[in-house]
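Beneath this line is the structure, given in structure tokens, with notes to follow.
The values are calculated or read from the model by the stated rules, or taken from the named source; none is laboratory data. Since we're looking at a predicted model, the values are computed, not measured. As a convention, Cβ positions derive from the backbone with ideal geometry for all residues, glycine included, and neighbour counts pool all protein chains shown.
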There are 2 protein chains.
Amino acid sequence: MDDKVDDVSRDDVPAPSRRKFLAQASAAAGAMAVPPAALAENGANLPPNVPEWSRTQGRPFLSPAYGLPSPFEKDVVRVLPNPPAAFPTGTRTPLQELKGSITPNGLFFERHHANVPMIDPREHRLMVHGLVERPLIFSMSELMRLPAVNRIHFIECAGNSSAEFTRPTGKTAQEVHGLLSNAEWTGVMLSVLLREAGARPEARWLLCEGADAASMTRSVPMEKAMDDAMVVYAQNGERLRPEQGYPLRLLLPGFEGNMNIKWLRRIKLGTQPWHTREETSTYTDLMPDGTARQFTFAMEAKSCVLSPSGGQKLDVHGYHEIYGVAWSGRGRITAVEISTDAGKTWQRARLQEPVLPRALTAFRADWHWDGKPCVLQSRAIDETGFVQPTRARLIAARGTASSYHYNAIQSWNIDANGGVTHVHA
Amino acid sequence: MDDKVDDVSRDDVPAPSRRKFLAQASAAAGAMAVPPAALAENGANLPPNVPEWSRTQGRPFLSPAYGLPSPFEKDVVRVLPNPPAAFPTGTRTPLQELKGSITPNGLFFERHHANVPMIDPREHRLMVHGLVERPLIFSMSELMRLPAVNRIHFIECAGNSSAEFTRPTGKTAQEVHGLLSNAEWTGVMLSVLLREAGARPEARWLLCEGADAASMTRSVPMEKAMDDAMVVYAQNGERLRPEQGYPLRLLLPGFEGNMNIKWLRRIKLGTQPWHTREETSTYTDLMPDGTARQFTFAMEAKSCVLSPSGGQKLDVHGYHEIYGVAWSGRGRITAVEISTDAGKTWQRARLQEPVLPRALTAFRADWHWDGKPCVLQSRAIDETGFVQPTRARLIAARGTASSYHYNAIQSWNIDANGGVTHVHA
């Protein structure tokens, strides 16, 4: 049967590692041997205590027929920042509770600047103008007749994890890194719209503007617009959620979240960036020498172990699969390495296929916890060769005055009782 | 700029097709040219009528913080069968409203036999016994420490579209084919659990049983169990929804939905199938010669155009992208062909990458509607070479007495007014 398992299993666990796991697994899994009474052929072949839900009819169909999670998962929700803000502008995804690469729409992080507009899609328009041959206004139904694509991409707020520049804040992965989510997006390549309008050769930048009361505006380089940028109207199959830009948003895969303009109503082509409020007074990187870096668009490679992670507790010694996610705004993740000794030694994790560019990539590694205190870390490497830096290296280069683009290695401390806490190590 | 578009766009539209589209696109898109007044530099660069949502703060954060669709999408929900059943046992996914390959969890189709149990995950157990060396009982936390994988797979009810054996029923894709959904699943390969328990060489079949009041039981061949079968606890990242088997279900990729036992509590290994109620009195295929085919597990290749589809209306002549989904329980979709003349001629559609085995695969094709009545069809071809049959061919082989495994080509009639209706053609 050894050969059978390795022949037919299509997962990405290399055979030697799998064999090793399986050899140790009975003890490692910690599963109970079945007590003899439970196996007695008592008519129903059931363990002795048959629960209520196996004996009576369950809940009938929901009305309205839009489903929700189990009541037992009521605490798996987005949370406001901790410590609380006087005027909160974002909620965070419960990363440590999620098991796949897709973020359910109900848990996709939020960040907005004038709360969430409720836009009537029949009245919404997108205007494309400026340095174009044919200024155009599109209704939603006109956009939705055009050639579309589906793409899986993450969005990360430029300010995600920014408190980490100074001290460890937040207990859980959600509190520390939760301004990050991943979805399958559907929409039209922006290059198609620019071709329709006839972008003039001298057009090098786009001003993209939202229809919310903040009139969020950002300058986008033409190279990105003609590469993988999209205007999207659907997310994980269904139409965008209101807090994600319903009925239309810009998607700039891998670029800082703020640039992915929600409630998109206008694209103006010009020769220079516009230096809007969101790219001058905010969303710049204050450097140790007092200068501010502007237009640092791409979110660099980053990763986080989610299991075990802050706020969780290891309840047994022995086998635990280490699980986490990695991502890069520059392309595909090529490797993730795991350390269980605060960065002294590293082992290669398994990556979940398919590995897609600018998408959350799940990683996993086998681990036997011996019950001793230790520090868990992960580091991501992307297809440009970039290696996620230690916190010390990031601070040496960037200082501690910045509020954006924090991507240092996350450390989780595990104490002798199995408690997991957020530390800088 | 021609070269630029084709160089940098990474979508799967072949360059010649794209060029053709773009050449015709200004007329095809039907987008309005911007009226001069709208472009006047009036301070805000906006069209003259600025809507309310651009002038006032929007909706604050939700509490509880689990998000929901826009109120404008309130009709995009699962529906009960039409015509109504006295004791409804399923709801259907609004396929024609979905734009991607992922089905949001709130819209994933339902089919159950004793309503939806509300199971406490702390009390739920999975027993593996019968022809094994080490009978085992797993708690959820024990299962969730084991090596896991993420896989995107569809599930289709064996009885999906079954009314079509006799006459066209249902108006929309949802009503006709809505017992079909697709998700990213997370869980443990079943082969890992069987290895843990030490499956004996003589074990050839598994009895898999649910913890609902129907005690749903099905026999599963050992080959499938050791191939790509999983026990899954998460769906699109979050924990399974109650109606999808929370906290644990069996996933047999490509096999008829009924076998993907929800609320999975027991797996018993034996030498022969058990001939349970669900594989004798139901879920068999009654053939023209009066015999019943048993154990026809795989859902064969099938496809459906979703845009345009029944109940929709083409509001303009000219360019429309044809969009739909294809799937096969035998592996990957290798091609989808489109006919706009009731099957006389066919053109190749574009497939959305990545094309994954036993997963919904989106397809798209360019189409210029000339305003004349016509019949739209799609046919799927999978990696085994199987070609989705016409309805006539399916009926010739299978007769009209069956209730399962209907996978004939879907026909949508388009009338001179652009109205789209479900026909047998």
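Points to keep in mind about this one:
- Of all residues in the range A:133-192, those satisfying the criterion of being of a type in the set (S, T, N, Q) and more than 15 Å from A:Q410 (Cα to Cα) are A:S139, A:S141, A:N150, A:S181, A:N182, A:T186, A:S191.
- The residue that is nearest to the other protein chains (Cβ to nearest Cβ), among those in the range B:89-98 that are modelled with pLDDT of 95 or more and part of a loop (DSSP other than H, G, I, E, B), is B:L98.
- Among (1) touching a helix residue (DSSP H, G or I) at 6+ places or on another chain (Cβ under 8 Å); (2) within 22 Å of A:G254 (Cβ to Cβ); (3) of a type in the set (S, T, N, Q); (4) touching a residue at least 24 places away in the same chain (Cβ under 8 Å), the one test that A:T284 misses: (1)
- Take the conditions (1) over 30 Å from B:S303 (Cα atoms); (2) among the polar types (S, T, N, Q); (3) away from every other protein chain (no Cβ under 12 Å); B:S162 misses just one of them, which is (1).
- Selection status of B:V325, within 23 Å of the chain's Cα centre (by Cα), of a type outside the set (F, W, Y) and assigned by TED's automatic domain parsing to the domain that holds B:T400: yes
- Residues (of a type in the set (G, A, S), under 25 Å from B:Y323 (Cβ atoms) and in contact (Cβ under 8 Å) with a residue 24 or more places away in the chain) located in the range A:107-154: A:A148
- Subset of the range B:180-215 (residues that are in contact (Cβ under 8 Å) with a residue 60 or more places away in the chain, under 22 Å from B:H113 (Cα atoms) and surrounded by fewer than 24 Cβ atoms within 10 Å (Cβ to Cβ)): B:L207, B:A213, B:A214
- Flag for A:Q244 being over 24 Å from B:E184 (Cα atoms) and either in contact with a strand residue (DSSP E or B) (Cβ under 7 Å, 6 or more places away or on another chain) or in contact (Cβ under 8 Å) with a residue 60 or more places away in the chain (or both): no
- Filtering the range B:117-134 for residues that are at the interface with another protein chain (Cβ under 7 Å from one of its Cβ atoms), among the β-branched types (V, I, T), crowded, with 20+ Cβ neighbours inside 10 Å and within 30 Å of B:R364 (Cα to Cα) leaves an empty set.
- Residue match in the range B:310-320 (condition: more than 14 Å from chain A (Cβ to nearest Cβ) and either buried (at least 18 other Cβ atoms within 10 Å of the Cβ) or out of contact with any Cys (no Cβ under 9 Å at 6 or more places or on another chain) (or both)): yes
- Looking only at the range A:218-234, and only at residues there that are over 23 Å from the mean Cα position of the chain (by Cα) and more than 10 Å from chain B (Cβ to nearest Cβ), the one that is surrounded by the fewest Cβ atoms within 10 Å (Cβ to Cβ): A:P221
- Enumeration of residues in the range A:353-369 that are more than 10 Å from every other protein chain (Cβ to nearest Cβ), farther than 13 Å from A:V336 by Cα and within 14 Å of the chain's Cα centre (by Cα): A:R358, A:A359
- Residue in the range A:165-174 that is modelled with pLDDT of 95 or more, buried (at least 24 other Cβ atoms within 10 Å of the Cβ), in a strand (DSSP E or B) and in the same structural domain as A:L286 (by TED's automatic domain parsing) present: no
- For the range A:235-251, filtering for residues that are at the interface with another protein chain (Cβ under 9 Å from one of its Cβ atoms) and surrounded by 24 or more Cβ atoms within 10 Å (Cβ to Cβ) leaves 11.
- Among the residues making up the range A:76-88, those that are within 9 Å of chain B (Cβ to nearest Cβ) and touching a helix residue (DSSP H, G or I) at 6+ places or on another chain (Cβ under 9 Å) are A:V76, A:V77, A:R78, A:V79.
- The number of residues in the range B:253-286 being closer than 20 Å to B:L193 by Cα and either within 13 Å of chain A (Cβ to nearest Cβ) or touching a His at 6+ places or on another chain (Cβ under 9 Å) (or both) comes to 10.
- A:S63 vs. criteria within 30 Å of B:N49 (Cβ to Cβ) and outside the structural domain of A:A408 (by TED's automatic domain parsing): no
- Only residues that are without any contact (Cβ under 8 Å) to a residue 60 or more places away in the chain and surrounded by 13 or more Cβ atoms within 10 Å (Cβ to Cβ) were counted across the range B:261-276, and they come to 1.
- Pairs linking a residue in the range A:374-392 that is under 26 Å from A:A416 (Cα atoms) to a residue that is at pLDDT below 95, with Cβ atoms under 6 Å and 6 or more positions apart or on different chains, are A:V375/A:A425.
- Residue count for the range A:99-137, restricted to those that are out of contact with any helix residue (DSSP H, G or I) (no Cβ under 7 Å at 6 or more places or on another chain), in a loop (DSSP other than H, G, I, E, B) and among the aliphatic types (A, V, I, L, M): 3.
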